[in-house]
Amino acid sequence: MNEHAIRNVVIVGGGTAGWMAAAAFARFLNNGYTRVTLVESEEIGTIGVGEATIPPILTYNRLLGIDEAEFVRATKATFKLGIEFVDWGGLGERYFHPFGSLGQDLQGVHFHQLYLRERTRRVLPDISAWSMSAVAAARGAFAIPGREAPFPLKELFYAYQFDATLYARFLRGFAERHGVERVEGRVVDVGLRGEDGFVEAVTLADGRRIAGDLFIDCSGFRGLLIEQALGTGYEDWRHWLPCDRAVAVPSALAGPPDPFTRTIARANGWQWRIPLQHRMGNGLVYASDHLGDDDAERLLLDHLEGPALDTPRRLRFVTGRRKRCWNRNVVALGLSSGFVEPLESTSIHMIQSGIARLLSLFPDTRFAAIERDEYNRQMEDLYEDVRDFIVLHYKATRRDDSPFWNQCRTMAIPDSLARKIELFRTKGRVFRDSFELFSNTSWVAVCLGQHIVPETYEPVADALDPDKVASALEQMRRAYFATAERLPSHAEFIARLTGAAPPAPPAAPAEDVPHFSFTAESPFPVGTGSPV
Ligand SMILES: Cc1cc2nc3c(=O)[nH]c(=O)nc-3n(C[C@H](O)[C@H](O)[C@H](O)COP(=O)(O)OP(=O)(O)OC[C@H]3O[C@@H](n4cnc5c(N)ncnc54)[C@H](O)[C@@H]3O)c2cc1C
């Protein structure tokens, strides 16, 4: 053991961030000398939203040794194959951003380049017809592929849609069983060490004092340690992402849960629709400069598919990130570290990513600056990658039906994003930096879905025989459809996995928008005069 080893880790906050951190530390710092204590206040409560995730969460659960069926039962989870975007590129349009890959590369040439070339020869369906996850989603079908799954089932990638409060509770059980001590109480004071301003201890309302070597700030938007005590500062991104409010409400399911999240662009923001086993999660994210809170609530309630199950919750946020996620001996995780709106369901992933990076750069009591700086650099990059990808959805639109969309469509964007858009616009190129979260699939799906149509394709695509490529594309497409046809319905799969009775069919499907399908007209121009 290193004589300078951290012996006491104190986590402040017991929301999704706090319990994800506690569970991971219980598993990975199980070294006999690091004690983990989590302080939370039931009186303050948690944010109570956060339902959709992205595939890396599977790795988090697996590393903890969590049984998938038990987890799905405990959190009322459904499976998510991607996100359907409605009315984003233009009113009346829809596209699907799937998990996993788009088609298969041939002889080292990216699939989407071959697709772009083939589109110059004939009208093709939407590119998501070459995604196993999207094709299964369109049929409402799902199965866990398993390690030995053959092509193309092995290309089915998924994440979960769950009740984040239940997830935190589930992880609390795990963490406490593995030795984490939970302390109930409200932190009223943060004591700083005279010589260097490091946090020494937190004091609770009843006078108890909890000392530590390393503090993890999971106190949510208030940033109790990282901001209120250390004054770290916040970078505000509202000029790129003008939405700063949300209203959320659960509703009754109007049918079997879809294996995907839907986001519908509205005149002044967008609405989420996340089906869980027992209810639908709904919310409207909007810009307060353009829409009042009462109108937002009414708009959301008017667009529910089933009766509301609770009173709507109103939330305020400032999109941006903490200037340093790690300051002195405090590491901020979750909402205390920053927030980029939930359009691509990235917040819980940011928590996971922060935990993974902290474990790989875990300090000792000397707190080497190099470890802290590397952590901050990596988190900064991650936040900016997510920001750019979200800004893309607002910028790349043809919508001109409201001042909100006019503002988004014409706004200046970060240089890093402008470069990516131009690279895609010229020859459909996507380059991913080493730690970048979003894959080629993500960039291609969103760019094409929102009218960033490449002028042409890469010349390497012309090296392949066009007829052979056309036949390979057709074979792939048929294989995705044939495989999806053999999958159980999503509801049947969940019932089988959890041992529950399958849900009764709905009396009448009530939806304000039909599901996407590949027979619908492609939302982007196909077979037009331009090379692509
Ligand atoms: C509108 C909206 C929608 C979202 N949707 C998604 C989504 O679909 N997918 C996704 O990944 N993420 C989503 N998120 C983000 C997600 O909700 C959060 O990332 C996640 O819940 C983590 O929150 P947290 O634990 O950081 O904070 P919180 O849940 O706010 O927890 C803070 C904790 O700190 C405690 N605390 C605070 N002050 C004190 C004190 N003085 N003393 C003691 N304890 C204290 C509280 O009691 C609580 O336990 C969404 C967020 C918003 C705002």
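The values are calculated or read from the model by the stated rules, or taken from the named source; none is laboratory data. This structure is a prediction, so every number in the text was calculated from the model and none was measured. A quick note on method: Cβ atoms are made from the backbone with ideal geometry, for glycine too, and the neighbour counts reach across all protein chains shown.
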Residue tally, condition in a strand (DSSP E or B), more than 27 Å from P414 (Cβ to Cβ) and either in contact (Cβ under 8 Å) with a residue 24 or more places away in the chain or within 12 Å of the ligand (Cβ to nearest atom) (or both), over region 202-239: 8
Tally, over region 78-98, of residues that are in contact with a Phe, Trp or Tyr (Cβ under 9 Å, 6 or more places away or on another chain) and assigned to a loop (DSSP other than H, G, I, E, B): 5
Test: D196 is surrounded by 14 or more Cβ atoms within 10 Å (Cβ to Cβ), more than 12 Å from the ligand (Cβ to nearest atom) and charged (D, E, K, R): no
The lone exception for A463 - which of (1) surrounded by fewer than 17 Cβ atoms within 10 Å (Cβ to Cβ); (2) among the aliphatic types (A, V, I, L, M); (3) within 20 Å of the chain's Cα centre (by Cα) it fails: (3)
Yes/no for A248 being within 15 Å of the ligand (Cβ to nearest atom), under 23 Å from L276 (Cβ atoms), out of contact with any Phe, Trp or Tyr (no Cβ under 7 Å at 6 or more places or on another chain) and small (G, A, S): yes
Matching entry among A159, A168 (being in contact with a Pro (Cβ under 6 Å, 6 or more places away or on another chain) and within 30 Å of S442 (Cα to Cα)): A159
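This table checks each residue for (1) more than 31 Å from the chain's Cα centre (by Cα); (2) more than 9 Å from the ligand (Cβ to nearest atom); (3) free of Cβ contacts under 8 Å to residues at least 24 places away in the same chain; (4) in a strand (DSSP E or B).
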site	(1), (2), (3), (4)
N2	yes, yes, no, no
A5	yes, yes, no, no
I11	no, yes, no, yes
W19	no, no, no, no
A22	no, yes, no, no
F25	no, yes, no, no
N30	no, yes, no, no
V39	no, no, no, yes
I44	no, no, no, no
In region 138-189, the residues that are of a type in the set (D, E, K, R), surrounded by 20 or more Cβ atoms within 10 Å (Cβ to Cβ) and within 16 Å of the ligand (Cβ to nearest atom): D163
Counted residues, region 443-497 - those being more than 19 Å from L153 (Cα to Cα) and in contact with a strand residue (DSSP E or B) (Cβ under 9 Å, 6 or more places away or on another chain): 12
Subset of region 47-71 that is in contact (Cβ under 8 Å) with a residue 40 or more places away in the chain and more than 18 Å from the chain's Cα centre (by Cα) - its residue that is farthest from the ligand (Cβ to nearest atom): A69
Pair list, Cβ < 6 Å and 6+ apart or interchain, from region 361-378 residues that are under 15 Å from L214 (Cβ atoms) to residues that are surrounded by fewer than 17 Cβ atoms within 10 Å (Cβ to Cβ) and modelled with pLDDT of 95 or more: L361/E374; D364/H4; D364/A5; T365/H4; R366/H4
Checking R122 against (1) farther than 26 Å from P256 by Cβ; (2) buried (at least 21 other Cβ atoms within 10 Å of the Cβ); (3) away from the ligand (no atom under 16 Å from the Cβ); (4) among the charged types (D, E, K, R), the condition it does not meet: (2)
Residue count for region 390-417, restricted to those that are of a type in the set (A, V, I, L, M, F, W, C) and under 27 Å from L114 (Cβ atoms): 3
All positions within region 99-134 that are part of a loop (DSSP other than H, G, I, E, B) and of a type in the set (S, T, Y): S101, T120, S131
Some residue of region 422-434 being at negative phi, touching a His at 6+ places or on another chain (Cβ under 9 Å) and not in a loop (DSSP other than H, G, I, E, B): no
Qualifying strands (runs of 3 or more DSSP E) (wholly inside region 286-392; at least 1 residues being more than 10 Å from the ligand (Cβ to nearest atom), closer than 30 Å to G191 by Cα and not polar (S, T, N, Q)): 320-322, 330-332
Test: residue in region 181-200 that is assigned to a helix (DSSP H, G or I) and either closer than 18 Å to L335 by Cα or in contact with a strand residue (DSSP E or B) (Cβ under 9 Å, 6 or more places away or on another chain) (or both): no
The one condition in (1) closer than 26 Å to R94 by Cα; (2) touching a residue at least 40 places away in the same chain (Cβ under 8 Å); (3) in contact with a Lys or Arg (Cβ under 7 Å, 6 or more places away or on another chain); (4) not basic (K, R) that L309 fails to fulfil: (1)
Residue in region 199-222 that is of a type in the set (A, V, I, L, M) and within 31 Å of the chain's Cα centre (by Cα) present: yes
Hey, R322 within 18 Å of the chain's Cα centre (by Cα) and not hydroxyl-bearing (S, T, Y) or not: no
Identity of the residue in region 245-281, in a loop (DSSP other than H, G, I, E, B) and under 18 Å from the mean Cα position of the chain (by Cα), that ends up surrounded by the fewest Cβ atoms within 10 Å (Cβ to Cβ): L276
Leading residue by the ranking (nearest to the chain's Cα centre (by Cα)) among those in region 109-133 that are more than 23 Å from A143 (Cβ to Cβ) and of a type in the set (S, T, N, Q): Q113
Subset of region 460-504 [modelled with pLDDT of 95 or more and either aromatic (F, W, Y) or in a loop (DSSP other than H, G, I, E, B) (or both)]: L464, D465, Y480, F481, R486, L487, P488, F493
Search result, residues across region 46-61 that are outside any helix (DSSP H, G or I) and aliphatic (A, V, I, L, M): I47, V49, A52, I54
